[in-house]
1. Rounded to the nearest 0.05, what FRET efficiency do B:Arg230 and A:Arg583 give with R0 = 51 Å and r taken as the Cβ-Cβ distance? Could you check?
2. For the full complex of protein chains and a 1.4 angstrom probe, list A:Phe363, A:Phe221 by accessible area with the highest value first.
3. Would you mind working out the accessible area per residue for chain A, using a 1.4 Å probe, and quoting it in Å²?
4. Per residue of A:658-664, what is the mean number of Cβ atoms on other protein chains within 10 angstrom of that residue's Cβ?
5. Quick one: putting +1 on the C-beta of Lys and Arg, -1 on the C-beta of Asp and Glu, what dipole do you get for segment A:94-194 around its Cα centre, in Debye to the nearest 20?
6. Please say if segment B:15-136 is rounded, prolate or oblate, where rounded means a/c under 1.5 for a ≥ b ≥ c the square roots of the C-alpha gyration tensor eigenvalues, and otherwise the choice is prolate for a/b larger than b/c and oblate otherwise?
7. Per residue of A:722-728, count partner chain C-beta atoms within 10 Å of its C-beta, then hand back the mean as an integer.
8. Report, to two decimal places, the Cα Rg of chain B normalised by 2.2 N^0.38 Å (N = number of residues).
Amino acid sequence: MVLDDPAVTTPQARTDAPWRHDAKKEDLNVIGKPIRKVDARSKVAGLTRFADDLSMPRMLHMKLLRSTVAHAEIVSIDTSKAAALKGVKGILTGKDLPIPFGILPVSQDEHALCPDKVRFVGDPVVAIAATEEEIAWEACRLVEVEYRELRTIGGIHEGAANDEPRLHDYGVRGNIHRLENLEFGDLQDGFAKAAHVREDTFFFEGNTHLPMEQHASLAHFDKDGKLTIWSSTQTPHYLHRALARTLHPLPAHHIRVIACPNGGGFGGKSDPFNHEIAAAKMAMLTGRPVKIALTREEVFWCHRGRHPVLMRSKIGVNKTGRITALDFHSYLDGGAYGSYGTASTFYTGALQTVTYAVDNYHFRGARFFTNKAPCGPKRGHGTPQPRFALEVQLDKIACDLGIDPAQIRLDNLAPRDSLTANFLRIGSMGLGQCIEKVVAGSGWKERRGKQERTKDGRIRGLGLACSSYLSGAGLPIYWNGLPHSGVQLQLDRSGLVTVFCGSTDIGQGSDSVLTWIVGEVLGVDPLGMRVVTSDTDLTPVDLGSYSSRVTVMTGNAAMQAAERARDIVAKGVADKLGVPASRLVFADSRVYDAEDPKKGMTFAEAVVCAEAKFGTIGTVGSYTPPKSAAKFRGGGVGPSPSYSYSATVVEVEVDPDTGIYRVPKVWMAHDIGRALNAAIAMGQIEGSVYMGLGEAMMEEMVYRDRTHKGNRIFVHKIPSMLEYKSPSALEMPEVVSYVVEDYDKNGPFGAKEVGQGPLLPMMPAVANAIYDAVGVRVDEIPVSFEKVFAALQAKKEGKEARFGPSNGPDGVPEVDFGDSLKIKTPWQGGDGTAWNEPKREKKAAK
Amino acid sequence: MLRLPPFTYHRPKTAAEAAALHKEHGKQAMFVAGGTDLYPNMKRRHQVPTHVVSLQDVPGLTAIEQLPDGRLAIGAMVSLTTLEKHLQLLRDYPGLAHAIAEISTPLLRNMGTIGGNLLLDTRCTYYDQSHEWRESIDFCMKKDGAICWVAPGSPRCWAVQSSDSVPVVCAMEAEFELVSTEGTRTVRGDALYRDDGIEYLTKKPEEVLTRLILPKTGGWKASYLKLRRRDTYDFPVLGVGACVWTDAGGVVTKANIRLGGAGSYAIPATESEKLLVGNQLTDELIAAAGTAAMKPARTMDNTDLDVYWRRKVAPVFVARALAACK
């Protein structure tokens, strides 16, 4: 089917044409237009089939029995009573799935069912399939599990203080999973040059994704030995790999993973999950289709959301507020498993330098294993926590020095087309423009610091913050030199263009992005195209919908495939019309002569011409990100083809008597490079405002910690949609969105990401706005009413007008980070390697 | 959450018949009105009646009727949405109308009834959880367990009164009409409720609440102020119901203040009430009455929001509720 004749793809087409970042708006027919999403009508009409909508004849329902204790060894499991229950068709325990897995090669520490040890309340122990879901549930209640309880590790300080019992027998030592220590430039010199130095401690409580759709999977093992699994996953390729590993010796090419449309993911469906593997195994065991649909509570157990992070930040600035040095410590509460945690740890130190030029930078990060649901990537992955710290600290610096907080940011902007201290390559950089937009829109200069009163006696305040995010991780999850994304096109005689791609639409519109890009290049209507995505049997690999990578990476791959198809079709049409191929225009579902537009044919006729000449028309395109400039160990996290930028002003109204506040209005500007579809981009901006507001005001993954008769009970306090508080429509403020376009040469048509970036500045902006209104600092997320009240009380009593973790030595745990890796900055003549890098140990190469 | 467990559904045609059915099945039976409280609880296996007695066919329970003596009788099955928009209620009993509008969401108010809200099960973050979650704490005394996690040394359950209508209805000294196989009786205000998280009602299980009877208007004013994190679907973590009777000169002759969401029943703020009686409702007096309400607001750590903060802001909420009675 695929024609990929190198002869028709000139080298120039490969290197230049695919980006087309500087194409003029008026020359584009699809890009930039507010076209509806390809799947919009089905979604709105309720016709989209999510994983839980699927069913098959003779299908069994599976339930997981989960640990009721936080940390214990499994002494025995007796499933005999459950097996005797009428309707029960299959039971699995840990011994049936002995091979561990995990999203990162460095942390293969999970089992589909715990074989010997449970590490949090909710860890799965037994899987039971039955003819009815209720029977499977009843059967789980009949299983007897005997536990020998171990001491619970309940958080960052406990993880640092208790080396025993260890949750895992790998990691740095004790319950420290990761320790990172990276030093760029000369910190001593940087602080020596500072006219003003601040040291602050911040805490960001964990929170979760809360997607509307609860995870569900349906697995089917057919009589020909082939396994198919439909699942709510953002990363079918990684799930495919995890299944091939854990179901060994079932060969990988006998496993087909189909990612269903996701009813929201936000990072919570990016790991391979125990329930997916157990359902697959159960289908193999019973020979019947097996479905599992998680309850809301179980989604909280899957988690992989925001890490709770404790941070200490020391920053030095010169007289004018220009940053001279930054010394940043982060301590992450990782929960029970590794998940993406290694990357998360690095991300708490990676992007501080991308918004503001930091000449000298020292980052230390530690991640602890604790007996909580595992943390991982949530929208913004590891960067919202340090962003909160940095943006609040800059606000404090601005206040200390009497500088406008907007101005101090403008004065510190990282330059475009530059390398940062930690060797991240910045391309386009529209943050300055973003700041100017929100400053002008909100009336920042006139309204800030005025403490106006509302009719009901609340005090108004404005807060500003900025951020940056990557447009896709520069490196894949597992080491390989292959493309990150592949797209395959098939052109039918009817004029139909079918796009095959492994990417997964999680509601962000990635299916639509493919059609816009291909539609623009081939001049066909995006809504008339067919998209086949996220099916490992049918579609070329795309690494998944995470790290805001899809638009840039699949977009570039789609562009390349489309350019190649265009070349083929153009050659066919050129012969037919007797016009040079270079003069042909593809637009409005026609192919015609630029000099004589009447001379031409429909796109379908053009495909027929080309097919007559070349045979069946199909092309492929793929994308690999540019090589990173960072060559030191740990430099793999942070590089990206491009960085998006956001700036926001948030307005709050605070009731000084109670600390209760509301957020009536938000101004958010986002540098997206180029909006492929401004309407959808604004949807992402507003969605980010919403999610960020939830984190800022109320969302938290907190645990009930009780001891009774010597037993410690440690369980998620509120795993329900009612009691895990996230904003409702009533809390949603009016949002003024500004789409700033600073075309980036690495993006298709200049595009950068928008799905995650605009979330990041919300949390610090809310905290800064509270300060502007009532003069108190809440250095802790969420900025809940109680904390504002406590800070107000402190102020009233003449104490420090602040709520947050201690700034004293007890505020952060004592951790020996060892020697730092020392890296010379680009302006010190550094080449991206560490000059003192110790030789890598042999085992790392294994 | 699972699907509903199997049960027998009864549709009696009179209140007395409903009471008889309930009595017949004893502990296996529960009444259902709107079902917005009972059915989710059944799906979580908190409440597992095998006989559910619906009141939907009982005549007269959806009526709103002005009694000859000026009181207003509201049938227990009147939906919250109906009351929220009821012109007479909005005009004559704005405090109660406001409390009703504060209950949950429009969708829940469409289904939920005033009777159901008045008899709402007490709530607790140790109790309103899935079966699996409760397994991990080895349950609690309200269902399947032996201990009250809120106060482990306590012999009683501390689940929280969480109805928005109850504090203001109690403050107003409204009456409740109860029907059983033995006939009809009425109880007034606080007398329907008990300070216990499990046995939070004084009525016999088989007694049917048929009507809420509001006092005649004139000479008094009631208000309700709710504290919660979000201005929708959250239950109150403090719900102040206040009712103040004044004479022609504006002097307070009687005052009732009830604190919902702060204990297992709507707690009277007695000291605050005492401060008000015999005085004009000045700003200073209102502030003082608010401050005096901190003591009875004995919040417990089994709802949303910080337990101490809820207590510290109780004076502000009481004062604001009283200000609305001016």
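The values are calculated or read from the model by the stated rules, or taken from the named source; none is laboratory data. Please read these numbers as outputs of a predicted model, since none were measured by experiment. Please note: Cβ atoms are built from the backbone with ideal geometry, for glycine as well, and neighbour counts cover all protein chains shown. To get the accessible areas, we keep the full protein, side chains included, count just its heavy atoms, and leave off ligands, DNA and RNA. Shrake-Rupley method; radii C 1.70, N 1.55, O 1.52, S 1.80 Å.
1. Details: r = 61 Å, r/R0 = 1.20.
Calculated transfer efficiency: 0.25.
2. On the way: A:Phe363 5, A:Phe221 45 Å².
From most exposed to least exposed: A:Phe221, A:Phe363.
3. Numbers: 29630 Å² over 846 residues.
Spelled out: the 1.4 Å probe surface of chain A, per residue, equals 35 Å².
4. On the way: counts 7, 3, 4, 0, 1, 0, 0.
Across the residues of A:658-664, the mean count of other-chain Cβ atoms within 10 Å is 2.
5. Here the size comes out at about 320 debye.
6. Working: a/c = 2.82, a/b = 1.44, b/c = 1.96.
Oblate.
7. Numbers: counts 8, 9, 1, 6, 1, 3, 7.
Taking all residues of A:722-728 together, the mean is 5.
8. On the way: Rg = 19.4 Å, N = 326, 2.2 N^0.38 = 19.8 Å.
Cα Rg divided by the expected 2.2 N^0.38 Å: 0.98.
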